[in-house]
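What follows is a structure written as structure tokens; I'll ask about it next.
Read the figures in this text as sums done on the coordinates, not as results from a lab. Since we're looking at a predicted model, the values are computed, not measured. When we count neighbours, we look across all protein chains shown, and the Cβ atoms used for this are built from the backbone with ideal geometry, even at glycine.
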Amino acid sequence: MQAIKILLVDDEPRNRLTLKKWLDSPDLLLLEADSGEEALELVLQHEFALILLDIEMSEMDGFETAEFIRNNPDSQTIPIMFVTGVYTGKESVFKGYEVGAVDYLLKPIDPHILKSKVNFFVEAYQEKTQLENEITDLRKQSGTHVNAVHPSLDHLLSPRETQVLELIVAGKSSKIIAFDLGVSEHTVNAHRRNIMAKLDVHDLASLVSFALIHQLVNPKTV
């Protein structure tokens with residue numbers, strides 16, 4: 001299995017060294033950037049499961065770096081976790097979420113919390129990759145069998161259910177969908193069960209295939 005890539009961005013070498021020591025694993029490939037500029041170059045060259053981004057950097061700080069990453073279509077879906085020991089107030093936290101952070105890691109770093117948070121995103125990335133592969137195969141199978149939306153299916157799903165379905169067909173896991181929509185993973189799974197019940201399908205593969213064949217999602221979003 002190919003190692004999963006994580007990007008460590010910090011202008012202090014000793015901080016990157018500490019993170020590498022704590023995250024060392026044969027399943028992970030830890031790449032480093034000592035500036036926001038180098039980080040922007042690396043995200044265009046590699047596919048990362050997560051970016052650990054220090055806020056307090058000279059020249060281009062973490063907020064600005066995250067904003068550039070989010071504004072680039074090729075990197076905007078990469079989860080960003082801010083690392084900080086200074087910007088812990090509400091305003092800074094809100095600013096971080098506004099520019100694209102999905103989580104915060106406060107200094108001094110607890111290695112157990114670090115590993116737990118990183119493992120969450122690694123698992124989400126693995127689920128996302130598996131789903132994308134399955135959906136690619138389903139698209140190939142259903143590509144020649146696309147039908148117009150049946151009248152009985154029109155407006156069958158609520159706007160929120162349609163939104164969840166679009167994200168499922170786009171290959172996103174329940175964890176990532178929960179992050180995108182700002183809800184719990186439990187809520188996402190409840191929507192998925194309701195969707196499957198309404199469409200009378202019994203597994204994820206059938207759900208995605210049904211949605212593609214009957215054009216229940218907007219092609220521009222998947």
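Work out the FRET efficiency for K198 and E98 from their Cβ-Cβ distance, taking R0 = 35 Å, and round it to the nearest 0.05.
FRET efficiency, K198 to E98: 0.50.
Still on this model: Rounding to the nearest 10 and keeping the result within 0 to 90°, find how far the Cα-based axis of helix 36-45 lies from the longest principal axis of the chain.
40
What value, in deg cm²/dmol to 500, does the helix sum -39500 (n - 2.57) over DSSP H runs of n ≥ 4 give at 222 nm once divided by the residues of the chain?
Value at 222 nm, helices only, nearest 500: -16500 deg cm²/dmol.
Could you work out how far helix 13-23 tilts from the main Cα principal axis of the chain, as a 0 to 90 degree angle to the nearest 10?
50
Given Cα pairs under 8 Å that are at least 6 residues apart, what percent is the relative contact order of segment 1-90?
In percent, rounded to a whole number, it is 30.
Using only Cα atoms, find the angle between the long axis of helix 62-71 and the longest principal axis of the chain, and express it within 0 to 90 degrees, rounded to the nearest 10.
On a 0 to 90 degree scale, this one is about 30.
Could you compute the net charge surrounding E32? Neighbours are other residues with a C-beta less than 14 Å from the C-beta of E32; K and R count +1, D and E count -1.
-4
Compute, for segment 1-73, the length of the dipole vector about the Cα centre, with Cβ point charges of +1 (Lys, Arg) and -1 (Asp, Glu) only. Units Debye, rounded to 20.
440
Where nothing but the Cβ of Lys and Arg (+1) and of Asp and Glu (-1) is charged, how large is the charge dipole of the chain around its Cα centre, in debye to the nearest 20?
Taking the Cα centre of the chain as origin, the dipole is about 900 debye.
Of N133, V122, F68, which is farthest on the positive side of the dipole of the chain, counting Cα position, with +1 on Lys and Arg Cβ, -1 on Asp and Glu Cβ, and the Cα centre as origin?
N133
If you only keep lysine pairs separated by 8 or more in sequence, or across chains, how many in the chain come under 12 Å at the Cα atoms?
4
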